[in-house]
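S.K.: Take this structure, written in structure tokens, and hold onto it; I'll ask about it next.
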Amino acid sequence: METLLHRHRDKTVLVLVIFAQLVLIAVQVRNDQDVRMIRVWSVTAITPLARVLETLRGGGVGFFRNYIRVQDAREENRRLQAELDRLKMENRFLKTELSTADRAKALVAFQQRYQPKSVAARVIATGAGANSKVVFVDRGSGSGVEKGMPVVTPDGIVGKVIAAYPTASEVMLVTDPEFAAGVVSQKNHIAGTLKGEGGANCKVEYVASEEKIEVGDWFYTSGDDRVFPRGFPVGVVRSVRSASPYKEILVEPKGLEHGLEAVLIMLEGLHQVIPEASPPNAPVYLAPPPPPGPGEQAVQPSGPAGTDADRLRQRYQQLGDAQGHKFGEGLPGSKPPDFNLKLPAGAAGQTPKPTQGAEGASGQAGEPANSPAAAPQKKTTPRTGDEHAVDKPANGAARSRPLAGSQSAPSPPQ
Amino acid sequence: MNESGDRILVGNQREQVSRFRARVLLFVPLAAILFQVYLPRPFPFLGYLELPLLVTIYFALMRRSQIGGLFVGALIGLAQDSLSTKPVGMFGIVKTLVGYFAASVGLRIDVEHPFIRLVLTFFFYFFHQVLYWVLSRGLLGEQIAFEIRQTLVLGLLNAIVGVAVFHFLDKLREPA
């Protein structure tokens, strides 16, 4: 080797001098994305090697898994995972931005506007350094990737591109201490700034201590940073500590939850609507009441009174029912029901619900079923906490009505 | 073959290595660079003269050492770069290659003949301009056009001036 170099000493010196000057140029010159050419060249030289190594590794592992252990299962799993990712994205899109739009239109919009503007990439390497929160993906400026583009997975945001090379891109993860993004809470729409901590979690800063953030709240991208489109999930609050002047909020990023293998680079942002948080008193499923046993009367469930206005409305309804008055009928100037009529204490605030069968069973058109004439057979069953009289017509259909109202309802329906 | 032809072909056999004083090697390139930096301001037409290139070609041809030639080219090029707005190394790379190839040519043919000097200077000027254009496009991404006709004319002009300059520089050689 030494002899060879000595024999071609002039050429060796020429190559060295040229190379030194190339390095000198590369240190000075930046490309159009403000990255030094020496970094571009280094990454361009390294990433093919990393890609080959990753392919070999993946190929070796894939061979072992596919052909020796669970060939079919792995292939199926891969396909299903891709399908799941696609469906997650589609589902999120349909749930959020297009909740008010027609579903078919939303799907077309999603396919036309969303999918072509993102590019799938594979993580092929991590950045040098022990605490590095930077990864390299196998898509670069040749695929349209540019510095500053957001990187996401169907689960949430992952990071942003900090340098785009011809064959690869460098992505700063959300957990990097230098990372920052504008976020907003789902429940109360409280804005803050997401910052990495260098660990597994992130923190949300600049949320005033008087704001209401709870553990379990979701944060979404706000779009204010002009990097991440609005409405992408960020993570869920793991801890909240009150401090002055800002809260200390720890957020678990969801985009990194399942490890990083495949990501999406958003070539063009598409803002979405942040989904509304579920109301705390969301309606819950209530099973139908049990069928009446032998000798028992069926009781219609009465809905709980809500606001004062609801209760007042129910009271007027009961008063009207007790006096055979139907609101909304009758000519102007006709006699109104007596609103000072005394109702029994247990009947106030309850909602009697006329049963269709009872109406039909009365057999008298135009006459309310709960009028004395319409209730020839009446059996009163006092019930604890539910002071209702239950009218049992001949056909067995049950109907509830206030006790006293039915007794003192002299006026005919108007 | 006449006497002139013999001189051209047997130049390497005589192994005439021209020697120069250190101050000549220092001040002549410096003067050439300063000439190109300052004189085109009052005399814009002088901007077409590539005196640093001519000096590089001359020293590389006459030294007949490839390593010496490439270092002369590199140093003159880097000095020229340091006074330009382009990244340092652009002229350095180009003149390094010019110096290397000029010295390689000087090893093989007799470069004392004015016609040979004229042709070589014209060729190296064209080579220099093409290489610089390639590097500008490749390394710096500059979308500049290459004016081949203008380059050929300027190459001829520089070659004519180069023959005169070489004749003057011959007088600065140390006597054998």
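S.K.: In the stretch A:1-49, what count of residues is obtained for those that are outside any helix (DSSP H, G or I) and more than 8 Å from chain B (Cβ to nearest Cβ)?
M.R.: 7
S.K.: Here's another thing I want to ask about it. Does the stretch A:173-183 hold any residues that are part of a strand (DSSP E or B) and closer than 19 Å to A:Arg230 by Cβ, and which are they?
M.R.: A:Ala180, A:Ala181, A:Gly182, A:Val183
S.K.: Which is under 19 Å from B:Leu49 (Cβ atoms), more than 13 Å from chain A (Cβ to nearest Cβ) and more than 12 Å from the chain's Cα centre (by Cα), of B:His113, B:His167?
M.R.: B:His167
S.K.: Do we find that B:Val105 is within 14 Å of chain A (Cβ to nearest Cβ), under 17 Å from A:Phe19 (Cβ atoms) and at pLDDT 90 or above in this structure?
M.R.: No: the conditions fail for B:Val105.
S.K.: Can you confirm whether B:Leu118 is touching a residue at least 24 places away in the same chain (Cβ under 8 Å), more than 10 Å from chain A (Cβ to nearest Cβ) and surrounded by fewer than 20 Cβ atoms within 10 Å (Cβ to Cβ)?
M.R.: So B:Leu118 passes the test.
S.K.: Can B:Val72 be described as hydrophobic (A, V, I, L, M, F, W, C) and surrounded by 24 or more Cβ atoms within 10 Å (Cβ to Cβ)?
M.R.: Yes; evaluated as a whole, the condition is true for this residue.
S.K.: Is it the case that some residue within the stretch A:133-141 is hydroxyl-bearing (Ser, Thr, Tyr) and in the same structural domain as A:Thr44 (by TED's automatic domain parsing)?
M.R.: yes
S.K.: Now, a different point. Name the single residue, out of those in the stretch B:84-98 being more than 7 Å from chain A (Cβ to nearest Cβ) and in a loop (DSSP other than H, G, I, E, B), that is surrounded by the most Cβ atoms within 10 Å (Cβ to Cβ).
M.R.: Taking the candidates together, the pick is B:Lys86.
S.K.: Let me ask something else about it. Within the stretch B:64-83, how many residues are within 12 Å of chain A (Cβ to nearest Cβ), assigned to a helix (DSSP H, G or I) and of a type outside the set (Phe, Trp, Tyr)?
M.R.: Qualifying residue count for the region: 13.
S.K.: Across the stretch A:1-23, what is the number of residues that are loosely packed, with under 12 Cβ neighbours inside 10 Å, at pLDDT 90 or above and more than 60 Å from the chain's Cα centre (by Cα)?
M.R.: 0
S.K.: Being surrounded by 20 or more Cβ atoms within 10 Å (Cβ to Cβ) and more than 19 Å from the chain's Cα centre (by Cα) narrows it down to one residue among A:Ala180, A:Ala163, A:Ala200, A:Ala208; which is it?
M.R.: That would be A:Ala163, the only listed residue that is surrounded by 20 or more Cβ atoms within 10 Å (Cβ to Cβ) and more than 19 Å from the chain's Cα centre (by Cα).
S.K.: For B:Thr56, work out the one condition from (1) in contact (Cβ under 8 Å) with a residue 12 or more places away in the chain; (2) within 14 Å of chain A (Cβ to nearest Cβ); (3) farther than 14 Å from B:Val165 by Cα; (4) in a helix (DSSP H, G or I) it doesn't fulfil.
M.R.: The number of the failed condition is (3).
S.K.: Taking interchain pairs and intrachain pairs at least six residues apart, which have beta carbon atoms under 7 angstrom, with the first residue in the stretch A:313-338 and on the phi > 0 side of the Ramachandran plot and the second crowded, with 17+ Cβ neighbours inside 10 Å?
M.R.: Pairs that qualify, where the first residue is on the phi > 0 side of the Ramachandran plot and the partner is crowded, with 17+ Cβ neighbours inside 10 Å, are A:Gly324/A:Pro368; A:Gly324/A:Ser371; A:Gly324/A:Ala409.
S.K.: Evaluate the stretch A:184-193: report whether one residue or more is in the same structural domain as A:Val43 (by TED's automatic domain parsing), part of a strand (DSSP E or B) and without any contact (Cβ under 8 Å) to a residue 40 or more places away in the chain.
M.R.: No, the stretch A:184-193 contains no residue that is in the same structural domain as A:Val43 (by TED's automatic domain parsing), part of a strand (DSSP E or B) and without any contact (Cβ under 8 Å) to a residue 40 or more places away in the chain.
The values are calculated or read from the model by the stated rules, or taken from the named source; none is laboratory data. Source: prediction; values computed, not measured. When we count neighbours, we look across all protein chains shown, and the Cβ atoms used for this are built from the backbone with ideal geometry, even at glycine.
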